[in-house]
1. Suppose we filter LEU139, LEU122, LEU134, LEU115 for residues that are hydrophobic (A, V, I, L, M, F, W, C), surrounded by fewer than 17 Cβ atoms within 10 Å (Cβ to Cβ) and touching a residue at least 60 places away in the same chain (Cβ under 8 Å); which single one remains?
2. Please indicate, with yes or no, whether at least one residue in the stretch 224-238 is among the basic types (Lys, Arg) and assigned to a loop (DSSP other than H, G, I, E, B).
3. Say we look at the stretch 11-25 and pick out the residues that are under 21 Å from PRO177 (Cα atoms) and surrounded by fewer than 16 Cβ atoms within 10 Å (Cβ to Cβ); which of these is nearest to the chain's Cα centre (by Cα)?
4. State yes or no: is HIS65 more than 20 Å from ASP153 (Cα to Cα), in contact (Cβ under 8 Å) with a residue 12 or more places away in the chain and either in a loop (DSSP other than H, G, I, E, B) or in the same structural domain as VAL202 (by TED's automatic domain parsing) (or both)?
5. Filter the stretch 7-23 down to the residues that are over 24 Å from ARG200 (Cβ atoms) and part of a helix (DSSP H, G or I) and list them by number.
6. Select from the stretch 175-230 the residues that are in contact with a helix residue (DSSP H, G or I) (Cβ under 6 Å, 6 or more places away or on another chain) and hydroxyl-bearing (Ser, Thr, Tyr) and list them in ascending order.
7. Could we say that LEU72 is among the hydrophobic types (A, V, I, L, M, F, W, C) and on the phi > 0 side of the Ramachandran plot here?
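The values are calculated or read from the model by the stated rules, or taken from the named source; none is laboratory data. Computed from a predicted structure; not experimentally measured. With ideal geometry, Cβ positions are generated from the backbone for all residues, glycine too; neighbour counts draw on all protein chains shown.
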Amino acid sequence: MPIPPLYAHEGIRHRLVGAIASGRLPQALLFEGPTGVGKQRLALWLAQALMCEAGLGEGCGKCQHCKLVLNLSHPDVHWFVPLELSKKGGDADKQVELVEEALGEEMAARRQQPLYQPPSGLASHGIAAVRLLLRRLVLTPAMGRRKVFVIGDAERLVPQTGAEAAANALLKALEEPPADTVLILTTAAPDALLPTILSRVVRVRVARLADSIVAAFAQQELGVTGQRDLAQRVALADGRIGKLLADGDGRAKGADAADRFLAAVEAGPVRRYGFALGLQPFQARGGFTDMLDGLLERLREQARAGGETEKVVEAIAQVLEARGLAQGNVNPQLVAAVLADDLAETV
């Protein structure tokens, strides 16, 4: 199933087409803007434009290259997204194999259902993913004249196990990419990227969409017909098509639980432990992981707002560790109690 068409962003598209036509398109780009405005879809649009046989600036949508890009099957377009690996590898080569397998499964799922959900709070670009990217970077294009790499949610390069290792490994590739390669990073949190990465890319601001564009997407791609339902969903989306696709109920409950958890952390030991004991003792997944994802989002908002960076990064690492434990056979009450104590010292 082909991915949905790109809605709006005409100004950026016009500038990118002009850059392609003049041979002045930068080889390393960063599309930055609010979550859900279509940055990764815009990146895939640019990949299609670069691969198109017609050479008209924008993809024709009819040639073999365009069809393969739209079906997420072009061998020279590499879309890297944050992953939450279910398996753990031993040596470095095995870890790369696991990432390649997981990425293949994710792309297969998106071919079946192109309207995908946002990544989980634990998903990241690990060092194995970057090693896989670097391996593909040196390959000769399989079909076209060039290769395109899209790194979605690039802020997920850090923080993670191994700290900034994955992000640092990208630096040389961004500084001196092969002549036949274009790298496109996307992020909703550019300040979370290393300054050394930001200095090596050309930044492109992707703005929110008009409500009329969001409404058109909801009607044409999601089949929303009722005027009241349409108006409510457009209002909640706030100019971000991706928000129409998110699991709004689960995320809203997770955000509410995260706020109550942080309030308990600040209120002292009695409230902290009372909150932890109030959790279901044997349901680590579901509501508990939604709460942890809500915590991650709150902490990332603090980082973007310029809070105490060192403390916020430490807190994010603590929540990520708890999120990892929640994927196993653990007692959420115990994990929440330990996390609350850790956060009390951090935030």
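1. Details: LEU139 fails: touching a residue at least 60 places away in the same chain (Cβ under 8 Å); LEU122 fails: surrounded by fewer than 17 Cβ atoms within 10 Å (Cβ to Cβ); LEU134 fails: touching a residue at least 60 places away in the same chain (Cβ under 8 Å).
That would be LEU115, the only listed residue that is hydrophobic (A, V, I, L, M, F, W, C), surrounded by fewer than 17 Cβ atoms within 10 Å (Cβ to Cβ) and touching a residue at least 60 places away in the same chain (Cβ under 8 Å).
2. There is no residue in the stretch 224-238 that is among the basic types (Lys, Arg) and assigned to a loop (DSSP other than H, G, I, E, B).
3. ARG24
4. yes
5. Taking the stretch 7-23 and keeping what is over 24 Å from ARG200 (Cβ atoms), we get 7-8, 10-11, 14, 21.
Listed by number, the residues that qualify are GLU10, GLY11, HIS14, ALA21.
6. Answer for the stretch 175-230, where residues must be in contact with a helix residue (DSSP H, G or I) (Cβ under 6 Å, 6 or more places away or on another chain) and hydroxyl-bearing (Ser, Thr, Tyr): THR186, THR187, THR196.
7. yes
Here is a yes/no grid of residues against (1) farther than 30 Å from ARG135 by Cβ; (2) aromatic (Phe, Trp, Tyr); (3) assigned to a loop (DSSP other than H, G, I, E, B):
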residue	(1), (2), (3)
PRO5	yes, no, yes
LEU25	no, no, yes
ARG41	no, no, no
GLU58	yes, no, yes
LEU85	no, no, yes
ASP93	no, no, no
VAL99	no, no, no
LEU103	no, no, no
